[in-house]
Amino acid sequence: MLGRMMQMPLLISSLLRHAVRWHGDSEIVSRLVEGGIARTTWTQLGERACQLAHVLNDWGVQRGDRVGTLAWNNQRHVETYFAVSASGAVCHTINPRLFPDQIVWIINDAEDTHVFFDLSFVKLVEQIAPRCPSVKSWIAYTDSEHMPVMTPQALCYETLIAGRQTEFDWPQLDENEASSLCYTSGTTGNPKGVLYSHRSTVLHAYCVCLPDTMSVSAADCVLPVVPMFHVNAWGTPYAIALTGAKLVLPGPALDGPSLASLMADEGVTLTAGVPTVWLGLLKHLKEAGQKLPALQRVVIGGAAAPPAMIRQFAEMGITVRHAWGMTEMSPLGTVCTLKTKHTDMSSEAREAVLLKQGRPIFGVDLKIVDAEGRELPRDGKAFGDLMVRGPWILESYFKGAGGDVLQDGWFATGDVSTIDPDGYMGITDRSKDVIKSGGEWISSIDLENHAMAHPAVAEAAAIGVRHPKWDERPILVVVKKPGADLTRDMLLEFMRDKIAKWWMPDDVVFVEDLPHTATGKLSKKDLRERLRDYALPGV
Ligand code: ADP
């Protein structure tokens with residue numbers, strides 16, 4: 001016997017045990033749906049997770065059974081994450097912003113046995129419950145004082161766990177067993193479930209904490225704006241358990257003023273979310289003349305971070321970490337941080353690097369390929385279909401939906417990108433949003449970034465529209481800032497010297513608002529639908 005290392009599976013229960021044992025006094029602060037702020041610690045949260053595990057046990061919830069949640073970011077939701085997964089069941093976070101029909105479809109596909117929900121979703125639960133036969137009980141995240149009268153009558157979370165034992169003997173699971181489930185948004189066809197394992201979740205939690213990723217340490221105070229129903233809030237609850245950082249959970253209040261006041265009051269140093277929420281926060285900070293002196297880093301992902309947004313944060317001394325990933329990737333794939341070689345560069349050159357989606361994290365391998373699957377050079381110019389592989393990347397969807405999705409062991413992301421010689425990956429488009437003009441690709445993200453740099457533009461989307469000669473030509477659909485003076489020609493003039501002539505949009509359409517998906521991203525599918533009857537000028 002040559003000797004060997006201990007065989008200890010990577011389990012979510014070990015994250016919880018570590019948090020309770022080594023930073024039991026670290027704080028978890030939540031804004032509640034019922035109003036007010038709740039404060040707790042990992043010691044208390046650990047005890048309450050054990051109490052909940054006893055409830056699940058009494059209900060007969062088995063290993064692998066799915067338990068759903070329809071909830072914002074709050075303490076009770078975190079308790080459920082840990083209690084459900086650590087006891088061997090699967091925590092299925094459901095996006096409450098989806099249409100009721102989609103939610104019903106997802107709950108039935110997952111065969112959820114019980115569903116926990118915040119009081120914001122009482123009406124939704126009443127509406128969908130009769131169509132969800134697998135759900136044995138609906139549990140309202142509240143105390144007896146705030147319990148709603150509803151049909152079907154829900155159970156009260158606080159009453160259920162009260163008086164239960166505060167210790168639980170977490171089972172020794174296989175690290176490859178399923179721990180949680182998240183559905184893709186289903187922009188094409190029905191949503192598909194992505195089943196994470198204990199192992200993939202713990203490895204991903206380590207990766208979230210790395211200095212070149214989100215860099216989470218015990219000295220941080222972290223506010224995930226990204227919802228816990230959007231790819232497990234990008235793994236932040238697990239990363240917090242791992243490090244002992246203070247956790248601040250914004251509940252349902254994701255508007256600029258509410259986020260700013262919570263960040264200021266709690267001394268938030270690190271936050272994460274999609275670009276749309278930062279538009280709201282930055283607008284508020286500017287209008288109110290408010291500063292967030294404690295805030296050091298903002299992780300922006302889920303959609304491209306426009307340069308104007310990165311610059312606005314930089315002016316306040318806040319570093320933007322542009323990140324890319326997807327539900328199928330737990331979600332982190334790349335994060336953009338600078339290398340020593342960038343130190344001496346001009347600020348413009350550095351800004352151009354920070355605009356990219358970043359370098360792969362150890363654990364995620366990337367390549368770009370052409371239509372025949374041949375790998376393309378990493379020269380920063382060639383762009384092709386982005387492929388990924390790694391231990392926290394999906395091998396097959398829940399219940400085998402979509403069949404065998406790997407190509408020679410690689411997962412096709414559906415994104416189109418470049419990779420430069422330093423390994424920085426830059427997304428140019430989603431393959432279904434690519435604008436193809438005269439056989440050549442035009443990057444809609446590039447066009448949007450240039451348009452968003454105009455001070456009068458609040459939001460912009462570039463889409464391709466039919467053209468008899470060029471197949472497709474790009475147009476910009478723009479929301480102006482309130483009271484701003486901007487015309488089509490003014491915007492095109494502003495962009496003229498910044499992009500190739502043949503990339504120039506053929507038109508600018510001004511609209512009151514742009515459609516967004518349930519995860520707060522621009523929905524180009526809905527936008528194209530809205531502009532179905534649009535015709536290019538002169539065509
Ligand atoms: P969906 O948007 O379908 O709900 P995901 O949240 O999994 O599902 O989205 C993943 C997709 O979001 C990626 O494939 C990519 O197209 C897009 N995306 C994520 N991060 C970025 C980013 N930083 N820049 C550009 N696109 C991004």
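The values are calculated or read from the model by the stated rules, or taken from the named source; none is laboratory data. Every value quoted in this text rests on a predicted model; they were computed, and no experiment measured them. With ideal geometry, Cβ positions are generated from the backbone for all residues, glycine too; neighbour counts draw on all protein chains shown. Remember, those area values only see protein heavy atoms, side chains included, never the ligands or the DNA or RNA. Shrake-Rupley method; radii C 1.70, N 1.55, O 1.52, S 1.80 Å.
So how tilted is helix 256-266 from the main axis of the chain? Cα-based, degrees 0 to 90, rounded to 10.
50
Tell me, in nm to one decimal, what length is gained between Trp22 and Glu111 on full extension, where the rule is 0.36 nm per residue of separation less the Cα-Cα distance? Before the final figure, lay out each step's value.
Values: separation 89, 0.36 × 89 = 32.04 nm, distance 3.64 nm.
Answer, rounded to one decimal: 28.4 nm.
Could you tell me the relative contact order of the chain? Use alpha-carbon pairs under 8 Å, at least six residues apart, and round to a whole percent.
Numbers: 1107 pairs, mean separation 54.8, N = 539.
That works out to 10 percent.
Can you tell me the FRET efficiency between Arg530 and Met8 if r is taken as the Cβ-Cβ distance and R0 is 45 Å, rounded to the nearest 0.05?
0.25
Give or take rounding to whole Å, what are the principal axis extents of the alpha carbon atoms in segment 433-530, in descending order?
Over segment 433-530, Cα extents along the principal axes are 38, 34, 19 Å.
Assuming R0 = 60 Å, can you tell me the calculated FRET efficiency for the pair Glu348 and Thr151, based on Cβ-Cβ distance, to the nearest 0.05?
FRET efficiency, Glu348 to Thr151: 0.50.
How far is helix 75-86 tilted off the main Cα axis of the chain, in degrees rounded to 10, range 0 to 90?
The angle comes out at about 70 degrees.
Go through segment 157-166 residue by residue and turn each phi into a ³J(HN,Hα) via Karplus (6.51, -1.76, 1.60, θ = phi - 60°); whole Hz please, and just put x for glycine and proline.
4, 5, 5, 4, 8, 4, x, 6, 5, 9
Probe of 1.4 angstrom, ligands and nucleic acids ignored: what's the accessible area per residue over segment 372-444, in square angstrom?
47
Output the direction-averaged projected area (hull surface divided by four) of the convex hull of the alpha-carbon atoms of segment 8-252, in nm².
12.5
Multiply the residue separation of Arg389 and Glu372 by 0.36 nm, subtract the distance between their alpha-carbon atoms, and state the gained length in nm to one decimal.
Value of the extension gain: 4.3 nm.
Just grab the label-to-label distance for Gln44 and Thr159, each label 7 Å out from Cα along the Cβ direction, in nm (one decimal).
2.2
Checking the cross-link filter: which lysines have an alpha carbon closer than 29 Å to that of Lys339, excluding same-chain neighbours under 8 positions apart?
Lys246, Lys291, Lys356, Lys367, Lys381, Lys498
So which aspartates and glutamates pass the test for Lys524, namely a Cα distance under 16 Å, with those fewer than 8 places away in the same chain ruled out?
Correct list for Lys524: Asp415, Asp429, Asp433, Asp446, Glu448, Glu459, Glu472, Glu512, Asp513, Asp533.
From the phi of every residue in segment 431-442, what ³J(HN,Hα) in whole Hz does the Karplus formula 6.51 cos²θ - 1.76 cosθ + 1.60 yield, where θ is phi - 60° and glycine or proline is x?
4, 7, 9, 4, 9, 10, 10, x, x, 10, 7, 10
Tell me the carbon and sulfur percent of the accessible area for segment 1-125, rounded to whole percent, probe radius 1.4 Å.
52
Using 0.36 nm times the number of residues separating Lys123 and Lys339, minus their current alpha carbon distance, what extension gain do you get? If you can, show how the numbers build up before the last one.
Working: separation 216, 0.36 × 216 = 77.76 nm, distance 5.04 nm.
Taking Lys123 through Lys339 to full extension adds about 72.7 nm, to one decimal.
Could you tell me the relative contact order of segment 444-534? Use alpha-carbon pairs under 8 Å, at least six residues apart, and round to a whole percent.
25
Over segment 236-295, average the accessible area per residue using a 1.4 Å probe and give it in Å², no decimals. Each step should come with its number before you reach the end.
Working: 1870 Å² over 60 residues.
Ligands and nucleic acids excluded, the result is 31 Å² per residue.
Give the angle, between 0 and 90 degrees and rounded to the nearest 10, that separates the Cα long axis of helix 100-110 from the longest principal axis of the Cα atoms of the chain.
Tilt of helix 100-110: around 60 degrees.
With the cut-off at 14 Å, report for segment 321-385 the share of all Cα pairs above it, as a whole percent.
Working: 1380 of 2080 pairs.
When all Cα pairs of segment 321-385 are counted, 66 percent exceed 14 Å.
Only bridges with both residues in the chain count here: give the DSSP antiparallel percent, nearest 5.
Numbers: 48 of 84 bridges.
For the chain, the DSSP antiparallel bridge percentage is about 55.
If you place +1 on the Cβ of every Lys and Arg, -1 on the Cβ of every Asp and Glu, and leave all else neutral, what size is the dipole of the chain about its Cα centre, to the nearest 20 Debye?
In debye, rounded to 20, the chain gives about 420.
I'd like the Karplus ³J(HN,Hα) series for segment 7-17: coefficients 6.51, -1.76, 1.60, θ = phi - 60°, whole numbers in Hz, and an x wherever there's a Gly or Pro.
9, 10, x, 7, 10, 5, 4, 6, 5, 5, 4
Rg and Dmax of the chain, Cα atoms, in Å?
Expressed in Å, the Cα Rg and Dmax of the chain come to 23.5, 81.
So what's the back-of-envelope 222 nm ellipticity for the chain, counting only DSSP H runs of four-plus at -39500 (n - 2.57) apiece and dividing by all residues, rounded to 500?
-8500 deg cm²/dmol
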